[in-house]
Amino acid sequence: MTDHKPSVAVYKFSSCDGCQLSLLNIEDELLDLAAAVDIAFFLEATRSVKPGPYDIGLVEGSVTTPHELERIQEVRRECKFLIALGTCATSGGIQALRNFTKPEDLAWASYAHPDYLHFLETATPLAEHVKVDFEIWGCPVNKYMVAEAIAALLQNRRPDFPQYPVCMECKRNASVCVLVAQGTPCLGPATQAGCGAVCPSVGRGCYGCFGPWPQANLDSLAPALAGLDRQPGETFRLLRNFSGYAPAFRKAAEALPVKEAK
């Protein structure tokens, strides 16, 4: 990084704002972060805006409109480092469910005047359009991972993110395995850690919102989970959830023989 106080810009694309709120919820760490960097553009937090270019750009949300397609190129040009913030920015998020159907049908079912809408056929992650330096998965992101990513950039190193699946977090929390004990379909063995295993800790299976764990064996896990389906297509829909457009989950879902309830 340069000798001056690094500038940070936080942008919103198609999303729910949850990842930006997670950044604001860093609390004490946010004060330390604010002392180390110049938060120059963050409309969720302040109306004060300083012009770019910026050293670090944090982008929440997926690319879903022609305007966003142009805007992400502008953001990339004005930021030295670009971080994809959250599952929408890294895999398209929940709105990427439209990628598996006809978005026009969804528009006509949801809006009184869909002819006023301007949208792309797909909702896509940032990396499909621009170079992304770091990706932070999560719906929403783990606030401490955001702080670690920025600290890593300031110290000229790679961020120290978990390199294991959600199952490891369950073990550390002493949570009973819902997959083994209850037969509940759970993506914990195939999902990157970082959430703290929140869902399994309350007796629910993992929904995969932190994205695929790179070493997961979905070729074996997906059919095994499908064998536990309580309704036809349950595992298919589980894989098509928060991170459903991520290539590993997409491939695993398409390989299942039963894809949806009849």
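Restricted to segment 49-66, and to residues there that are surrounded by fewer than 17 Cβ atoms within 10 Å (Cβ to Cβ) and over 11 Å from SER7 (Cα atoms), the residue that is farthest from the chain's Cα centre (by Cα) is VAL49. Residue-level analysis places GLY233 among those that are of a type in the set (Gly, Ala, Ser), assigned by TED's automatic domain parsing to the domain that holds LEU187, farther than 21 Å from CYS139 by Cβ and surrounded by 15 or more Cβ atoms within 10 Å (Cβ to Cβ). In this structure, is ILE72 at pLDDT 95 or above, β-branched (Val, Ile, Thr) and surrounded by 15 or more Cβ atoms within 10 Å (Cβ to Cβ)? Yes, satisfied. Residues that are among the polar types (S, T, N, Q) number at least 1 in the following helices (runs of 4 or more DSSP H) confined to segment 136-207: 166-173, 178-182, 198-201. Look through GLN192, GLN163, GLN182 and report the one residue that is without any contact (Cβ under 8 Å) to a residue 60 or more places away in the chain and in contact with a helix residue (DSSP H, G or I) (Cβ under 9 Å, 6 or more places away or on another chain). On inspection, the qualifying residue turns out to be GLN192. Can you say whether ALA147 is out of contact with any Gly (no Cβ under 8 Å at 6 or more places or on another chain), under 23 Å from VAL166 (Cα atoms) and at pLDDT 95 or above, as far as the supplied structure shows? So ALA147 fails the test. Return the residues of segment 194-230 that are surrounded by 15 or more Cβ atoms within 10 Å (Cβ to Cβ), under 23 Å from the mean Cα position of the chain (by Cα) and either among the charged types (D, E, K, R) or in the same structural domain as THR90 (by TED's automatic domain parsing) (or both); say none if nothing qualifies. Correct list: empty.
The values are calculated or read from the model by the stated rules, or taken from the named source; none is laboratory data. Note that this is a predicted model, so its numbers are computed, not measured. As a convention, Cβ positions derive from the backbone with ideal geometry for all residues, glycine included, and neighbour counts pool all protein chains shown.
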